[in-house]
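The values are calculated or read from the model by the stated rules, or taken from the named source; none is laboratory data. Keep in mind it's a predicted model, so treat the numbers as computed, not measured. Positions of Cβ are generated from backbone atoms using ideal geometry, with glycine treated the same way; all protein chains shown enter the neighbour counts.
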Amino acid sequence: MPNCPFGAGFLRLDAVERVASPTLRGRYAWRARPLRKWALTLNGALAGRGIYAGHVAIGTWIAGTPGAPEGALLTEPDDIARLYWDLYTGREPAEHLISA
């Protein structure tokens, strides 16, 4: 990436299973686990080349998103965006859980 001082990067996002309904968990979990492992393995394999890969799991409701239960703890979208930027520019850790 010629104009990017931080090099290449890839961040993968997942919802944490405990936030999702049991029905959604069953349909989603079998796909999420291998992709999480893939992102972490990719980070380990490419870190020496200046390429960062990470996995971010969101274990909270995002403010402004419909469907949040009454009284649920919310995380602001700007806080998530700031975390993404910090992970990308700091290049670590390879995995992060966002919780309220």
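Side notes on the structure shown:
- Residue match in region 55-70 (condition: of a type outside the set (D, E, K, R), loosely packed, with under 14 Cβ neighbours inside 10 Å, more than 18 Å from residue 86 (Cβ to Cβ) and at pLDDT below 60): no
- Residue tally, condition touching a Phe, Trp or Tyr at 6+ places or on another chain (Cβ under 6 Å) and either assigned to a loop (DSSP other than H, G, I, E, B) or under 19 Å from residue 32 (Cα atoms) (or both), over region 42-100: 4
- Flag if residue 73 is among the hydrophobic types (A, V, I, L, M, F, W, C) and loosely packed, with under 15 Cβ neighbours inside 10 Å: yes
- For region 64-100, a tally of residues being over 30 Å from residue 49 (Cβ atoms) and of a type outside the set (Asp, Glu) returns 14.
- Among the residues of region 51-82, those that are hydrophobic (A, V, I, L, M, F, W, C) and in contact (Cβ under 8 Å) with a residue 40 or more places away in the chain comprise 51, 53, 56, 57, 58, 61.
- Residues that are in contact with an Asp or Glu (Cβ under 8 Å, 6 or more places away or on another chain) and either at positive phi or among the basic types (Lys, Arg) (or both) within region 31-90 comprise just one, 36.
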